[in-house]
Amino acid sequence: MKRTILILCLALLSQSAYAMIVRVPLEDMVHSSADIVQGRVLSRESRWNDDRSGIVTKISIAVDQSWAGKSSAGKILTVQTLGGVVDDIGEMVEHEPVFGSSEEVVLFIAADAQGNVRCLNDEQGKFAVGGRYIVGFDLVPHNLASFRQQVGQLLIDQEGPR
């Protein structure tokens, strides 16, 4: 009986481990970012990847403010996510950030091995801005000014984005 309960508990634990995402500390996000920007979604375009094995979406972001890195206000950045909708076929990739039309965002971004600009740590690298507040993947609202100040202090304390 004890052995059956132990096996059942281990099975349940192993199933829940696959659904978990490891929270990355803000200081690690700041240190690993090539750019940290605040901007607005201009457009989204989904297409099949080169070998038609999956869908990728390119999101155009108008940079309003550069918090760190080489991007500057007025620049248009293209961020890539996995998944999207092409014709009648949709693909959703767990933990990928989702962008709304005209959404205001703060992004922690860097290029991947193929040179595509992506949000760091998937959905953790995207924060939605609503007025004076910012909300990340954990859905906890933070004061935007305080969050920016915290990021600025981390940039001073560390050597900042690469």
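What is the number of the single condition among (1) in contact with a helix residue (DSSP H, G or I) (Cβ under 9 Å, 6 or more places away or on another chain); (2) in a loop (DSSP other than H, G, I, E, B); (3) in contact (Cβ under 8 Å) with a residue 60 or more places away in the chain that S101 does not meet?
Condition not satisfied by S101: (1).
Could you tell me whether E91 is among the charged types (D, E, K, R), within 10 Å of the chain's Cα centre (by Cα) and either farther than 17 Å from L77 by Cα or modelled with pLDDT under 95 (or both)?
no
Only residues that are part of a loop (DSSP other than H, G, I, E, B) and either among the polar types (S, T, N, Q) or surrounded by fewer than 15 Cβ atoms within 10 Å (Cβ to Cβ) (or both): list them for the stretch 79-92, please.
Hits for the stretch 79-92 are D87, D88, M92.
Those residues that are surrounded by fewer than 20 Cβ atoms within 10 Å (Cβ to Cβ) and not small (G, A, S), I need them from the stretch 97-117; list them, please.
Answer for the stretch 97-117, where residues must be surrounded by fewer than 20 Cβ atoms within 10 Å (Cβ to Cβ) and not small (G, A, S): V98, E103, E104, D112, Q114, N116, V117.
Let me confirm something: among S46, S66, S14, S72, which residue is polar (S, T, N, Q), at pLDDT below 95 and surrounded by 10 or more Cβ atoms within 10 Å (Cβ to Cβ)?
After ruling out the rest, the residue left standing is S72.
One residue is enough: does the stretch 151-160 have a residue meeting the conditions more than 22 Å from G69 (Cα to Cα) and surrounded by 11 or more Cβ atoms within 10 Å (Cβ to Cβ)? So that I can check it myself, show each step before the final result.
Within the stretch 151-160, the subset more than 22 Å from G69 (Cα to Cα) is none.
Within the stretch 151-160 (the criterion being more than 22 Å from G69 (Cα to Cα) and surrounded by 11 or more Cβ atoms within 10 Å (Cβ to Cβ)), the answer is no, since none of the residues qualifies.
Can you list the strands (runs of 3 or more DSSP E) found entirely within the stretch 104-158 that contain at least 2 residues being out of contact with any Lys or Arg (no Cβ under 9 Å at 6 or more places or on another chain) and under 17 Å from T57 (Cα atoms)?
Strands (runs of 3 or more DSSP E) meeting the threshold: 117-119.
List every residue pair whose Cβ atoms sit under 8 Å apart, with the two residues 6 or more apart in sequence or on different chains, where the first one lies in the stretch 151-162 and is at pLDDT 60 or above and the second, anywhere, is charged (D, E, K, R).
L154/E27; D157/E27; Q158/E27
Kindly establish whether I59 is within 14 Å of the chain's Cα centre (by Cα), within 26 Å of L154 (Cβ to Cβ) and at pLDDT 95 or above.
Numbers: within 14 Å of the chain's Cα centre (by Cα): yes; within 26 Å of L154 (Cβ to Cβ): yes; at pLDDT 95 or above: yes.
Answer is yes for this residue.
Given the residues R47, R52, which is the only one that is more than 18 Å from the chain's Cα centre (by Cα) and part of a strand (DSSP E or B)?
Numbers: R52 fails: part of a strand (DSSP E or B).
Going through R47, R52 in turn, the sole match is R47.
The values are calculated or read from the model by the stated rules, or taken from the named source; none is laboratory data. The structure presented is a predicted model; accordingly, all values stated were derived computationally and were not measured. Cβ atoms come from the backbone with ideal geometry, glycine included; neighbour counts cover every protein chain shown.
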